[in-house]
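Reviewing the structure listed below.
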Amino acid sequence: MTQVNLDPYLVQFALDDKENPKLVQNWSRARRWYLTVLSAFLSLNVGLASSAPAGIATQLKTNFKLSEVVAAMTISVFVVGYCVGPLFWGPLSEQYGRRPIFLVTISIYACFQVGCALSKNATSLIVFRLLSGMFAAAAFTNSSALTSDIWDAKTRGKALAILNLAAFVGPTLAPLVGGYVELQMPWAWLFWILAISAVVCFLLIYFTLPETYAPIILLHKANHLRFKTGDHRYHSPLELIQKQKLHERLAVTLTRPFKIFICEPMLVALTIYMSFIFGCMYLLYEAYPVVFTEGYHFQSESLGLTYLPVLGGYVLGVMGYLLIFNPQYEAAMDRHKTGMLPPEIRLDPAIFGAPLFAITFFWFGQAQSISNGPSHSLSFQMDILSVYFVLGTSYVGCLTWVDRASS
């Protein structure tokens, strides 16, 4: 059950090992795509939670007597949690596996959604939102890692495109859901809905998601061999690391992201760019109610519909990536028999999209100086569609570059 190596008791995957998730004959494409869609659903779920309070902002300001700035914090602190969470969940998933981290973080995230629903004041709501964002970040971080676990480099771009579409669609659909809640029921029901959807995610993970991280699978194989044979000399590569003291392991695990970030200038530049894109996305979610209700005099029940062109922009961006840029990458892989391609090839969509990203934001601002009218309103929405076409395409290109460079 082990490959020939210098240590006969070091457990590794055999060439035809049925537990190796990378081998096509072991995991069918249908199973891989199911796990990819499940990961996308998790990202969609937590994405909904990130900007959902934008739809119930009026009720929140009335019930808690919030100012505009404090009301905006119900969204911004969740995004702050996004920044903190990955520093823990990514490295910890490499020590304990993808599945346990998913189960723990999603269950705690669901509890914090209940806390939001039961909040009696603005302080408790903001604190629960911050903690929710920290644990929700695991869905984004580990979903990308799971996708890399089960797909080869040639197909990984398609899977990550679907995954990132869900990550962007979630915050876009959230104001629609929140707007419906504000019109039909008390504000707390929004967080009850998010808690229920988190429980559904937990059940799907518990019953259908296997462990996909190869070192953890080998750890399980080593445990099985020790139990079956009674020979405790069998061990996995990960256990060689786990022999270190706990504080030493935590120091190495939790400081690794910072070391990689500092030592890789290209990663620094790419991270800053992606952070800027995310910031612009949430900035627009805050600007939409002001622009369309005050500038174009839309009714609150119609405001959620203005986000639909944004959704269309995401879909167009991913379609452009799948139909134009990903085939180019696959053709390049076919030309290189070794399969080792410069990761910069993944940056083609970002190179194409970066200038258009700036142009469309100028277009966005110019639309505000135009007199109100249905045609101008449609033109304004098409500006946003163009912006998010670039956002979707560039983000997919950048993220797949990071994934390829780190693998």
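Are any residues in the stretch 43-61 more than 20 Å from Leu130 (Cβ to Cβ) and buried (at least 17 other Cβ atoms within 10 Å of the Cβ), and if so, which ones? Full working, then the answer.
Kept after step one, since they are more than 20 Å from Leu130 (Cβ to Cβ), are these residues of the stretch 43-61: 44, 58-59.
Of everything in the stretch 43-61, those that are more than 20 Å from Leu130 (Cβ to Cβ) and buried (at least 17 other Cβ atoms within 10 Å of the Cβ) turn out to be Leu44, Gln59.
Which members of the stretch 316-344 meet the condition of being open to solvent by less than 60 Å² (accessible area, probe 1.4 Å) and within 22 Å of the chain's Cα centre (by Cα)?
First, pick out the residues of the stretch 316-344 that are open to solvent by less than 60 Å² (accessible area, probe 1.4 Å): 317-318, 320-322, 325-327, 329-333, 339, 341, 343.
Gly317, Val318, Gly320, Tyr321, Leu322, Phe325, Asn326, Pro343, listed by residue number.
Take the conditions modelled with pLDDT of 85 or more and either within 15 Å of Val77 (Cβ to Cβ) or buried (at least 24 other Cβ atoms within 10 Å of the Cβ) (or both) and apply them to Ala122. Does it pass?
For Ala122, the condition - modelled with pLDDT of 85 or more and either within 15 Å of Val77 (Cβ to Cβ) or buried (at least 24 other Cβ atoms within 10 Å of the Cβ) (or both) - is met.
So Val114 fits all but one of (1) surrounded by fewer than 24 Cβ atoms within 10 Å (Cβ to Cβ); (2) farther than 21 Å from Thr62 by Cα; what number is the exception?
It fails just one condition, (2).
Scanning for something in a helix (DSSP H, G or I), acidic (Asp, Glu), at pLDDT below 80 and out of contact with any strand residue (DSSP E or B) (no Cβ under 6 Å at 6 or more places or on another chain), does the stretch 264-281 turn up at least one residue?
Looking for residues that are in a helix (DSSP H, G or I), acidic (Asp, Glu), at pLDDT below 80 and out of contact with any strand residue (DSSP E or B) (no Cβ under 6 Å at 6 or more places or on another chain), one finds none in the stretch 264-281, hence no.
Just checking: which of the helices (runs of 4 or more DSSP H) contained wholly in the stretch 152-255 hold 1 or more residues that are out of contact with any His (no Cβ under 7 Å at 6 or more places or on another chain), of a type in the set (Ser, Thr, Tyr) and over 30 Å from Thr74 (Cβ atoms)?
On the way: elements: 153-184, 188-208, 214-229, 237-242.
So the answer is 153-184, 188-208, 214-229.
Which condition does Leu92 not pass, out of (1) more than 17 Å from Leu38 (Cα to Cα); (2) assigned to a helix (DSSP H, G or I); (3) modelled with pLDDT of 90 or more; (4) of a type outside the set (Gly, Ala, Ser), if it passes all the others?
(3)
Output the residue which, of all residues in the stretch 62-105 that are touching an Asp or Glu at 6+ places or on another chain (Cβ under 8 Å) and farther than 30 Å from Lys221 by Cα, is least open to solvent (accessible area, probe 1.4 Å).
Pass one, the stretch 62-105, residues touching an Asp or Glu at 6+ places or on another chain (Cβ under 8 Å): 72, 75, 97-99.
Subsequent filtering for residues that are farther than 30 Å from Lys221 by Cα retains 72, 75.
On the way: Ala72: 30, Ile75: 9 Å².
Per the criteria, the residue is Ile75.
For Gly312, indicate whether it is modelled with pLDDT of 70 or more, in a helix (DSSP H, G or I) and surrounded by 15 or more Cβ atoms within 10 Å (Cβ to Cβ). Reasoning before the result, please.
Details: modelled with pLDDT of 70 or more: yes; in a helix (DSSP H, G or I): yes; surrounded by 15 or more Cβ atoms within 10 Å (Cβ to Cβ): yes.
In short, yes.
Does Leu250 fit the bill of being surrounded by 13 or more Cβ atoms within 10 Å (Cβ to Cβ), out of contact with any Asp or Glu (no Cβ under 7 Å at 6 or more places or on another chain) and at pLDDT below 90?
yes
Of all residues being more than 16 Å from Ala198 (Cβ to Cβ) and in contact with a Phe, Trp or Tyr (Cβ under 8 Å, 6 or more places away or on another chain) in the stretch 25-50, which is modelled with the highest pLDDT? Just the residue, please.
We begin by selecting, within the stretch 25-50, every residue more than 16 Å from Ala198 (Cβ to Cβ); these are 25-37.
Checking which are in contact with a Phe, Trp or Tyr (Cβ under 8 Å, 6 or more places away or on another chain) leaves us with 32, 36.
Details: Arg32: 91, Thr36: 94.
Checked the stretch 25-50; the qualifying residue modelled with the highest pLDDT is Thr36.
So which residues in the stretch 126-147 are open to solvent by 20 Å² or more (accessible area, probe 1.4 Å) and of a type in the set (S, T, N, Q), if there are any at all?
Just the residues of the stretch 126-147 that are open to solvent by 20 Å² or more (accessible area, probe 1.4 Å), to begin with: 126-128, 130-131, 134-135, 140-141, 144-145.
If the condition is that a residue be open to solvent by 20 Å² or more (accessible area, probe 1.4 Å) and of a type in the set (S, T, N, Q), then Thr141, Ser144 are the ones that fit.
Taking the conditions exactly as written (in a helix (DSSP H, G or I), in the same structural domain as Trp189 (by the TED database) and within 17 Å of the chain's Cα centre (by Cα)), does Ile56 satisfy them or not?
Values: in a helix (DSSP H, G or I): yes; in the same structural domain as Trp189 (by the TED database): yes; within 17 Å of the chain's Cα centre (by Cα): no.
The answer is no for Ile56.
So Leu87 fits all but one of (1) in contact with a Phe, Trp or Tyr (Cβ under 6 Å, 6 or more places away or on another chain); (2) assigned to a helix (DSSP H, G or I); what number is the exception?
(1)
Filter the stretch 58-73 down to residues that are over 26 Å from Val199 (Cβ atoms), in contact (Cβ under 8 Å) with a residue 24 or more places away in the chain and of a type in the set (A, V, I, L, M), then give me how many there are.
Final tally of qualifying residues: 4.
The values are calculated or read from the model by the stated rules, or taken from the named source; none is laboratory data. Keep in mind that what you see is a predicted model, and the values were worked out from it rather than measured. Please note: Cβ atoms are built from the backbone with ideal geometry, for glycine as well, and neighbour counts cover all protein chains shown. These accessible areas exclude ligands, DNA and RNA; they are computed on the full protein's heavy atoms, side chains included. Shrake-Rupley method; radii C 1.70, N 1.55, O 1.52, S 1.80 Å.
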